1. So, by mean Cβ neighbours within 10 angstrom, what's the order for 45-58, 336-349 with the highest one leading?
2. Run the dipole for the chain about the Cα centre, Lys and Arg Cβ at +1, Asp and Glu Cβ at -1, nothing else charged, and hand back the magnitude in debye, nearest 20.
3. What FRET efficiency, computed as 1/(1 + (r/R0)^6) with R0 = 25 Å and r the Cβ-Cβ distance, is obtained for residue 282 and residue 259, rounded to the nearest 0.05?
4. Report the one residue of 236, 222, 176 whose Cα lies farthest in the direction of the positive end of the charge dipole of the stretch 169-248 (charges on C-beta: Lys and Arg +1, Asp and Glu -1; origin at the Cα centre).
5. Calculate, in nm to one decimal, what residue 474 and residue 504 gain on full extension: separation in residues at 0.36 nm each, minus their alpha carbon distance.
6. For the stretch 479-485, what does the Karplus curve 6.51 cos²θ - 1.76 cosθ + 1.60, with θ = phi - 60°, yield as ³J(HN,Hα) per residue in whole Hz, taken in order and with x for Gly and Pro?
7. Under 18 Å Cα-Cα from residue 218, which lysines qualify once same-chain neighbours fewer than 8 residues away are excluded?
8. If the only charges are +1 at each Lys and Arg Cβ and -1 at each Asp and Glu Cβ, what is the size of the charge dipole of the stretch 424-516 around the Cα centre, to the nearest 20 debye?
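What follows is calculated from the coordinates using simple rules that are stated; it is not laboratory data. Computed from a prediction, not measured in an experiment: that's the story for all the values here. Glycine also receives a Cβ, built like all others from the backbone with ideal geometry; neighbour counts cover every protein chain displayed.
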Amino acid sequence: MKQDNLSSYLILLVALVILVPFSLQSADGGDVQSGVIQIPLSANWQFRSTDCEDWLTAVVPGCVHTDLLAHGKIPDPFFGANEGVLQWIEKKDWEYRTVFEVDDRLLRMPRQELSFCGLDTYCDVYLNDKLILRADNMFRSWRRDCAGLLKKGQNTLRLLFHNPVAMAGTPEERFGYKLPEGHRVLTRKAAYHYGWDWGPRFVTSGVWRPVVVLGWEKARILDVRVRQPLVTEKLAHVAVECEVESAVRQRAELALQFVSPRRKRFESVCSCDLVPGSNTVRVKMTIPQPELWWSNGLGEANLYDVSARLTAGKDILDSKALTIGLRRIELVQEKDRSGTGFFFRLNGTPVFIKGANYIPQDSFTPRVGNDRYRRLLSDAADAGMNMVRVWGGGIYENDVFYDLCDQMGLLVWQDFMFANAMYPGDSEFLDNVKHEAIDNIKRLRNHPSIALWCGNNEIDEAWHNWGWKRFDNYSEDRQRKIRQDYIALFHQLLPSLVAVYDEDRSYWPSSPKFGR
């Protein structure tokens, strides 16, 4: 789902609003949306290595490599053999800081927090010299209550990024045995940063997605989920679930509006009794004669504008907006004389898939702007493709990627971010992955382009056919333990989360599923 119009800021590395240093936006500051204030922290950033006293200006979102390059401290990483001479960067700890101002209106808000959309990767966060977060996963978002820590006037935010290689350690140190590709499997970070057969090794650190200060009064909408239990050419039944966080016990109204591509409006209003903490408000709607979403080549990629507004009396508490497509996507597996089939059916029509594997467009992901996404995906659509597969060695892509796929009718085969390695199955690792998966399933599940969730890239194939069973002379007991960890992650945890948070879509454990 879109995160309050931050996606283009995220990709283009510029603020959504012109931020005057130490001032707030609008009349009172930030992005004022009813009872919610949002202030993107994009200005006044500096960085340094922890063994250096000099601070240099930094761009956020960004990473240490691009900041060093901007100051002429390193040569072009992609020229000649420069990859080799830049490996020192990953061996250092790096520090980022900014100063921002808070006024009385935000401080009067009962709820105040800092939201981090992406920290790469091991990061200690200090607000006014108080440790508020220890992050350890590039793919997760993080929220921290900062009421009582913010002060009127200038506030200092400092982020200490630890050397990811040293912080992770090795499977030998942690478990007493080696794992294939063990130098990266303990760290929840884009695998391709460690080098691949098609790309260099640049193990980055930095603030790779936006940081936002939030303040809110009575309630806010955390998430809007639109399920589609029935979609036909004659009608669509939709079930909307709004996740609402309330500060107090109160009576509220939730108003929903769907606007079709032809500007037909469908509305529903329901009353709800909110309790302090988390609330789920459910509304069902029927849309007659829906304008269906089709993949490229089969029809129009019709999109509906959806808005949700939460009110209490005359007060607007919060609102959210998103786009959806009404469609029914099915993974069909039917047995025949040759085995079991595997194809997708969209709105009852079998789809002949024509597509490609998508890898990140740059070693430094914040450099990829909207224009590059649009150009690449437009080329794919113009070539007649109707699906792209987001490869498990990269990142859960930025919102703009999925927005464009929705608009262009490109289905998405979405890998979870696991590739070409055997991963641990201990409770600490699985708990970290659980939160990562929930974050990204919830963020992406409203996109009509998402066709399938896939556990990993090539791991089943490697275990069965690349000799990984005999890696490091594994005993039968060791093979059994490593395989059990694999099953715990890819056959138990991830499919169970898809079943809870996106039950209308299918899950597939590995691509390819072992065999040739």
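1. Answer by packing, highest mean first, reads 45-58, 336-349.
2. 1020
3. 0.75
4. Among 236, 222, 176, the one farthest towards the positive end of the dipole of the stretch 169-248 is 176.
5. Answer, rounded to one decimal: 6.8 nm.
6. Listing the rounded values in order: 4, 5, 5, 5, 5, 5, 5 Hz.
7. 314, 320
8. Computed about the Cα centre, the dipole is about 260 debye.
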